[in-house]
Amino acid sequence: MVAIKLFACALLAGASVAQNTTLRYMPFGDSITEIICWRAMLWEKLQSTEFASVNWVGSGKTENNCGDSKYDRDNEGHSGFLAINIANNKQLVGWLQTNPADVITMHLGTNDIVQQNKPVDQIIAAFTTLVGVMRTSNPNMKIIVAQIIPMGLGSYNTAIQNLNKAIPTWAQGLNKTESPIWVVDQYTGFNGGSDLRDGVHPNQSGDTKMANIWYPALIHALEVAKADKLAAAAAAQKVEIPFTA
């Protein structure tokens, strides 16, 4: 009887650990996260890794007719949205309450520049607010922030480059051991002509480049998030089981 009781406890503990280590990933941004195909490509790349079953989360499922019926379309991309408005209107608060995450990627700032010519310091301040929201939702949130892709129309790329230059120093200043911020460069090597389908959104070659840049950073973030959750789940199971004959 004692052996059966202990075995049952071990089974319950194992099931709880497995449940508690399920990883949730939120792709967060504007239309360059929403009406694109890099998410499908990134999901496909994960299928040959230990993270094939990661749960992608978000309130939307929109894409760009990617022709892939298998991938997890959930995302928090919002076409036309400004980082400043998302921050000021506290929209990410509700999105993360509905769909909490362990890892988040962020590609934002394009509309702030293109629509309203917002200065870099205001965009960076919005990023700071958004990171605060992420960490309120999950103090151990793993955050990947993109230096954003160039535009193929207008004269916006100088402002985009100025924002991109500010991002690494900003990220370093907010970095935390338990909630790191990693920066990925989606600008360098991305052609504002041949990699865009409409001067704004990536075509197939642009989507491929973006997926390839996100991939190693996402794998690393998931590895760190998994290790954290395993450690937390294991610690939670260290409860003494009284021995009774």
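No other residue among Ser79, Ser59 is hydroxyl-bearing (Ser, Thr, Tyr), open to solvent by 20 Å² or more (accessible area, probe 1.4 Å) and more than 22 Å from Gly199 (Cα to Cα) apart from Ser59. Here Ala40 clears all of (1) part of a loop (DSSP other than H, G, I, E, B); (2) more than 27 Å from Ala236 (Cβ to Cβ); (3) among the small types (Gly, Ala, Ser); (4) open to solvent by less than 50 Å² (accessible area, probe 1.4 Å) except the condition numbered (1). Restricting Leu222, Leu230, Leu218 to those that are in a helix (DSSP H, G or I), open to solvent by 60 Å² or more (accessible area, probe 1.4 Å), in contact (Cβ under 8 Å) with a residue 24 or more places away in the chain and among the hydrophobic types (A, V, I, L, M, F, W, C) reduces the list to Leu230. Inside the stretch 185-204, can you point out the residues that are outside any loop (DSSP other than H, G, I, E, B), in contact with a strand residue (DSSP E or B) (Cβ under 9 Å, 6 or more places away or on another chain) and surrounded by fewer than 20 Cβ atoms within 10 Å (Cβ to Cβ)? Passing the criteria: only Asp185.
For Val114, the stated conditions do not hold, so it cannot be described as within 14 Å of the chain's Cα centre (by Cα), of a type in the set (A, V, I, L, M) and open to solvent by 10 Å² or more (accessible area, probe 1.4 Å). Suppose the filter is surrounded by 13 or more Cβ atoms within 10 Å (Cβ to Cβ), polar (S, T, N, Q), closer than 27 Å to Ile35 by Cα and touching a Pro at 6+ places or on another chain (Cβ under 6 Å); does Asn157 pass it? Considered against the rule, which asks whether it is surrounded by 13 or more Cβ atoms within 10 Å (Cβ to Cβ), polar (S, T, N, Q), closer than 27 Å to Ile35 by Cα and touching a Pro at 6+ places or on another chain (Cβ under 6 Å), Asn157 comes out as yes.
The values are calculated or read from the model by the stated rules, or taken from the named source; none is laboratory data. What you see is a predicted model, and the numbers here were worked out from it, not measured in a lab. Cβ coordinates were reconstructed from backbone atoms using ideal geometry, including for glycine residues, and neighbour counts include every protein chain displayed. What goes into the accessible areas is simple: the full protein's heavy atoms, side chains included, and nothing from ligands, DNA or RNA. Shrake-Rupley method; radii C 1.70, N 1.55, O 1.52, S 1.80 Å.
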